[in-house]
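Before any comments, here is the structure.
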């Protein structure tokens, strides 16, 4: 593992002197560092803009404010009729319920597909894979009509209930891949001892699958947190707004005059995602690398 | 269940029926019980709505009164008498055709630089991945709108070199490009998949090629690219479908209008306007089915042509 990349370097640069080799390596680092700075500069600038005095936002391109203040955060927090505290609470409730629903329902379906034998299994699995390619617009309008008739508009139910019905087949697929990798002998031995499928699922498969369950939980949280379209359609009363809807309303109304407050709330809205990135980076990157995730 | 079939069964079937039921119960029931939440969702939230949506696409439906059958009127109007439909189609196609290849090229280029066994790989990988993770957020779209505004960050940098940049967001010639740049900015996740793919290529192939005097470019064209085609294929499909579905950035940056002059009127945005702005639910359903046909055609085409350019080991 460790010597493979070195070999490549030696092969690639074999005609170069040590001096030139070092130069190439320095150039690569300069290019990569430059690219990183260029990519992250806008994020740092927004962070700085949220802390600097309002009159400096449009005059300064630097990422270090001349003076630090938390004013924009207080202004932004109460910038709309309803406080951002409500929006954050709503977003957390929806995201956490979504995580519970997705992990439970998807792992159950994945267990059936990966570890159980039943008639029609391949048929249903093929259909499940096809839903991965389906643009959500095709089911959007009848779903909206259905949820409206159930009286679910302006509640969190249209956003959360589909998660308890494993509507995102992507996570089923992810878990099937993982469950298939667990040794078959475990189930067989448990079955010999008279374990029911439910006990095998609950006591053997789930405890061994913590990495994939955590990956699914984190991505569900981030994607639900980020979701704009669902809340845009189903939530129209401000007390039910998520953070993303709050930000959008901010840009429509006071945002044009209070960029500091807008940026401060934007920064706050990214904090939960950034924390996941900070603490679970390896899990996220490995999840993408091994399964080829979309985002 | 077993008891009932025992009682009611004819003498000849008396023995077969219970064992059949018992067998079904034992063999199939656990699978279907575990599958139950998904099955309910699949039938109730996917299949049912799809059928309904297809029906609605042949009707006039405003949500308040019952749908009225209008035959193929919606589709006729779309293709013959709706400039906004064609505008949104052009915008979406332009976005897909430019953003996907550029994003993949970037992802592959950086992945190859990172794959040279450089120091600090985990750090670089994390830094390049961060925008992918944050990028779907409304906050980033808001930031983008500021960066490319007339007095935004980009023009401040350009002014250092004495260049007076336009207002990128409100100029119809550039507004779509700001969204393409936003998409390319999120090259991190395909890059990670490329990196994983590059790791799979046996290093002795390069050694052999290098001993035979093959140039770096030839090694790339003859070894790296062919062995990487399954990963390229995978990334291209995923990114294209994502690009077709893109909605939030265009909505936020144009304030939901798709302006200036419909230059950021993504297909998904137009569909949203028709459905939830004008409550033309029948017409919006027809738009959705055309989108499905488009994505389906693209996917089928990719899979059919893949055998000519994607190399699988087995």
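Data table
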| read-out | value |
| --- | --- |
| Within the protein assembly as shown, helix-based [θ] at 222 nm, where runs of 4 or more DSSP H residues each add -39,500 (n - 2.57), nearest 500 | -22000 deg cm²/dmol |
| Using distinct alpha-carbon pairs, which all enter the 1/r mean, Kirkwood radius of chain B in Å | 24.1 |
| Computed over chain B: relative contact order in percent, which uses C-alpha pairs under 8 Å that are six or more apart | 26 |
| Chain lengthening between residue A:25 and residue A:279 when straightened (0.36 nm per residue, less Cα-Cα) | 88.4 nm |
| Inter-chain Cβ neighbour average for residues B:187-200, partner chain, 10 Å | 4 |
| Kirkwood Rh in Å, taken over the stretch B:47-140 so that all alpha-carbon pairs contribute | 18.1 |
| Column: log10 I(q)/I(0), Debye, Cα scatterers of the protein assembly as shown, q = 0.07, 0.09, 0.11, 0.12 Å⁻¹ | -0.51, -0.83, -1.20, -1.38 |
| Within 10 Å of each Cβ in B:39-51, the average number of Cβ atoms from other chains | 6 |
| Candidates A:194, A:151, A:246: whichever shows maximal mean-square fluctuation once chain A is modelled as a Gaussian network with Cα springs under 10 Å | A:194 |
| Contact order relative to length of chain A, as percent, for alpha carbon pairs under 8 angstrom and 6 or more apart | 29 |
| Zero-based 10 Å bins, Cα pair distances in chain A, whole percents | 5, 19, 24, 22, 17, 10, 3, 0 |
| Percent of alpha-carbon pairs separated by more than 23 Å within the stretch A:141-295 | 56 |
| 0 to 90° range, to nearest 10: angle between helix B:188-199 axis and chain B longest Cα axis | 90 |
| Over the stretch B:228-276, relative contact order from alpha-carbon pairs under 8 Å, at least 6 apart, % | 28 |
| Cα-based Rg of the stretch A:87-168 normalised by 2.2 N^0.38 Å, two decimals | 1.28 |
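Laboratory data are not the source of any read-out in this text; all were calculated from the coordinates shown. Treat the numbers as computed from the prediction; the structure is a model and nothing was measured. Neighbour counts are summed over all protein chains in view; Cβ atoms, including those assigned to glycine, are modelled from backbone coordinates with ideal geometry.
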